[in-house]
Amino acid sequence: MASVVPWRREYRADFARLNLAWIEQYFRVEAADREVFDDPEAAILEPGGEIFFVVEGGEVLGTCAVILHEPGVYEIAKMAVSPSARGRGYGDLLMEATTEFARRAGATKMVIVSNTVLTTAIRLYEKHGFVRVPLSHERFARANIRLERELAG
């Protein structure tokens, strides 16, 4: 049975591996990606975020980060599920873990920046209450859609 666990240093390579697979398949790796993968502790954890992993049988099959942007606003980012594990509900588990983390941390809003070529991911986000909003000045060149979800206080 799969479980969702928070950051563990021994899963650092899995965080990069799973995300680089989809980024390289659909886009190109950007400098902002490298910053996160080179030092996820400094980029995500130390400012107040978290990275979650779906683990089954000792194998990391999925991951997702929650990044603090400003007080009350968290971004869901770097979500990836191994191709061999898709369709098992791991994306839902990660969405639930990230949302619960943000709620406990006092978030009033969550954001996601993505690309519409990732149709399965967009459907997952909308299933979990995210709605499309106008794109603002985003950090990634590949970003062409922004979604947000208000969290009740």
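The values are calculated or read from the model by the stated rules, or taken from the named source; none is laboratory data. The structure displayed is predicted, hence computed values, not measured ones. Cβ atoms come from the backbone with ideal geometry, glycine included; neighbour counts cover every protein chain shown.
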Can you name the residue in the range 35-53 that is more than 13 Å from the chain's Cα centre (by Cα) and either acidic (Asp, Glu) or at pLDDT below 95 (or both) and, of all such residues, is farthest from PRO83 (Cα to Cα)? GLU46
Take the residues of the range 102-132 that are within 21 Å of LEU45 (Cβ to Cβ) and either buried (at least 19 other Cβ atoms within 10 Å of the Cβ) or β-branched (Val, Ile, Thr) (or both): which is farthest from the chain's Cα centre (by Cα)? ALA107
Name the residues in the range 65-110 that are in contact (Cβ under 8 Å) with a residue 40 or more places away in the chain and on the phi > 0 side of the Ramachandran plot, would you? LYS78
Collect the residues in the range 116-141 that are within 27 Å of PRO6 (Cβ to Cβ) and either touching a Leu at 6+ places or on another chain (Cβ under 6 Å) or part of a loop (DSSP other than H, G, I, E, B) (or both), keeping them in residue-number order. LEU118, TYR125, HIS128, GLY129, PHE130, GLU138, ARG139, PHE140
How many residues, within the range 3-35, are surrounded by fewer than 16 Cβ atoms within 10 Å (Cβ to Cβ) and either touching a Gly at 6+ places or on another chain (Cβ under 8 Å) or hydroxyl-bearing (Ser, Thr, Tyr) (or both)? 2
Being part of a strand (DSSP E or B) and free of Cβ contacts under 8 Å to residues at least 40 places away in the same chain is the filter here, so list the residues in the range 31-64 that pass it. GLU59, CYS64
Tabulated pairs, the range 10-21, first among the small types (Gly, Ala, Ser), second assigned to a helix (DSSP H, G or I), C-beta under 6 angstrom, 6+ apart or interchain: ALA16/PHE37
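Could you check the range 137-153 and list, in sequence order, the residues that are of a type in the set (Gly, Ala, Ser), under 22 Å from ARG28 (Cβ atoms) and loosely packed, with under 13 Cβ neighbours inside 10 Å? Walk me through it before giving the result.
Just the residues of the range 137-153 that are of a type in the set (Gly, Ala, Ser), to begin with: 141, 143, 152-153.
After this cut, where a residue has to be under 22 Å from ARG28 (Cβ atoms) as well, the list is 141, 143.
Hit for the range 137-153 is ALA141, nothing else.
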